[in-house]
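First up is the structure itself, then whatever we jot down about it.
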Amino acid sequence: MHRTSRRLLGGLLALAVVGVSACSGDDDGGDAAASGEGWSFTDDLGTTVELDAAPERVAAINDVASSLWNYGVAPVATFGQTSTADDVAFEGRDLSDVEILGESYGDIDLEQLAAAAPDVVVTTVYPTDSEGTLDESQPLYGFESLEQQEQVAQIAPIIAVAWAGSATDVIERTAELAEALGADMDSEEVRAAEADFEAASTALSEAAAGGLTVLPVAAYADEGFYMAKAEDEPSLRMYGELGVQFVDPGGEEYYWQTAGWEDVPQYPSDILLYSLRGALTPEQMAEQPTYGLLPAVQADQVHPWKYIGMDYTAQAAYMEELAGWLEASQDVTP
C-alpha cells in the first residue's frame with residue numbers, strides 16, 4: 001500500500017517527535033497544571049508544553065478536534081486526512097468560524113494557521129507495532145515531514161495524543177486533555193454523554209453475543225483488501241473487548257494484512273465494514289468479480305467503518321450503529 005493511502009486511512013504510521021513545543025521538557029506525568037504562574041500539559045510523548053496562561057485557541061487534527069468539540073472546546077482551525085465535508089465526525093457542525101487548513105493528509109496552509117493564532121496545536125501519534133513502540137524519528141501524524149512539523153511548531157507548541165492500545169484508554173486521555181483545555185467534565189452534557197457511552201457499550205456486548213464475525217477493510221482497485229487487525233486499532237480493540245468477534249486476517253505486519261482481489265474470497269465474514277477514508281465504496285468494490293463472492297456481500301450485510309474521535313459522544317453513536325447491524329444480520333459464513 002502506498003504511503004499516501006496509509007495516511008488517509010489513519011492508524012498506519014507510528015509518528016512521534018521530541019522537542020515540538022516552544023518550551024518543553026520530559027516529564028513522567030501526564031497531567032495539566034494551571035495556576036497564577038501559568039499552564040502546562042505533558043503529552044503522551046512525555047513532552048511538557050508550558051504557557052503563560054491556559055490556551056483558549058486550539059488548532060487540531062480532525063480526529064482530535066471533533067472530540068474536543070464534543071466536550072465544548074471548539075477549534076479555531078483543523079487539518080486532517082480528508083475534507084471536513086467528507087468527515088463523518090463533523091456532521092451537523094457549523095464550520096463557518098473554523099479555518100480549514102487543508103483537505104488531504106499533510107495539506108496544511110501555514111499562513112492560514114498563523115492567522116488563526118492558535119495557542120496550541122493538537123495531533124495524534126501512532127505506534128509502529130503491536131507492542132506500542134513510538135518512532136521518534138518520524139513526523140507526528142498529520143504532518144508531511146519533520147520540516148513542516150517544525151514550521152507548525154514555530155506558530156504554536158504541539159501536543160500529541162497517542163492512539164494506542166484500547167480506545168477505552170485513549171478516550172480517558174482525550175477527556176483529560178479536554179479538561180485541561182477548559183472543558184467542564186462535570187457538566188450535564190458530559191455526564192449524559194458518558195451515560196450514553198455506557199449504555200451503548202452494554203448494547204454492543206449484548207448484540208455481539210450472537211457470535212457474528214466482522215471484517216473491517218479498506219479496498220483499492222489496484223491493491224485489493226487491506227484488512228484491519230482489531231488488536232492494533234484502538235476503537236476495534238475496544239469493540240472486541242466488548243465481545244465483537246473480528247476476523248483475524250493473520251500475517252506478521254502491524255495493523256493490516258493485505259489480500260489481492262484474487263484472494264479476497266479466502267476471508268469470509270458475516271459483516272463487512274468498509275473504510276470511508278480514501279478507499280473504494282461498495283459500488284466501486286462491486287466492479288471486482290471476487291467481491292460478490294463474499295458471504296457478507298451476498299447477504300447485503302456491508303456497512304461503513306467510521307473512523308471517529310475518541311470521546312463518549314462519537315463512540316456511543318457508532319457503537320449503537322454497530323450493535324444494530326449485528327442484531328439485524330444473520331450468520332452467513334460456512
Quiz item: Quick one: is residue 169 in contact with a strand residue (DSSP E or B) (Cβ under 7 Å, 6 or more places away or on another chain) and under 25 Å from residue 39 (Cα atoms)?
Solution: no
Exercise. Please go through the stretch 307-317 and pick out each residue that is in contact with a Phe, Trp or Tyr (Cβ under 9 Å, 6 or more places away or on another chain) and part of a helix (DSSP H, G or I).
Key: 312, 313, 315, 316
Quiz item: Any idea which residue in the stretch 243-258 is least open to solvent (accessible area, probe 1.4 Å), counting only those that are in contact (Cβ under 8 Å) with a residue 60 or more places away in the chain and not β-branched (Val, Ile, Thr)?
Solution: 255
Quiz item: Which residues, taken from the stretch 207-236, are buried (at least 22 other Cβ atoms within 10 Å of the Cβ), touching an Asp or Glu at 6+ places or on another chain (Cβ under 6 Å) and not in a loop (DSSP other than H, G, I, E, B)?
Solution: 207
Exercise. Answer yes or no as to whether residue 325 is modelled with pLDDT of 95 or more and open to solvent by less than 20 Å² (accessible area, probe 1.4 Å).
Key: no
Quiz item: Just for the stretch 263-297: of the residues that are in a loop (DSSP other than H, G, I, E, B), charged (D, E, K, R) and within 28 Å of the chain's Cα centre (by Cα), which one is modelled with the highest pLDDT?
Solution: 270
Quiz item: From the list 156, 89, which residue is touching a residue at least 24 places away in the same chain (Cβ under 8 Å) and within 22 Å of residue 313 (Cα to Cα)?
Solution: 89
Exercise. Give 139, 157 a once-over and let me know the one that is buried (at least 17 other Cβ atoms within 10 Å of the Cβ) and at pLDDT 95 or above.
Key: 157
Exercise. Determine which member of the set 132, 102 is surrounded by fewer than 17 Cβ atoms within 10 Å (Cβ to Cβ) and modelled with pLDDT under 95.
Key: 132
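The values are calculated or read from the model by the stated rules, or taken from the named source; none is laboratory data. Quantities reported herein were computed from a predicted structural model and do not represent experimental measurements. We place every Cβ from the backbone using ideal geometry, glycine too, and count neighbours over all the protein chains shown. All accessible areas refer to the heavy atoms of the entire protein, side chains included, with ligands and DNA or RNA removed. Shrake-Rupley method; radii C 1.70, N 1.55, O 1.52, S 1.80 Å.
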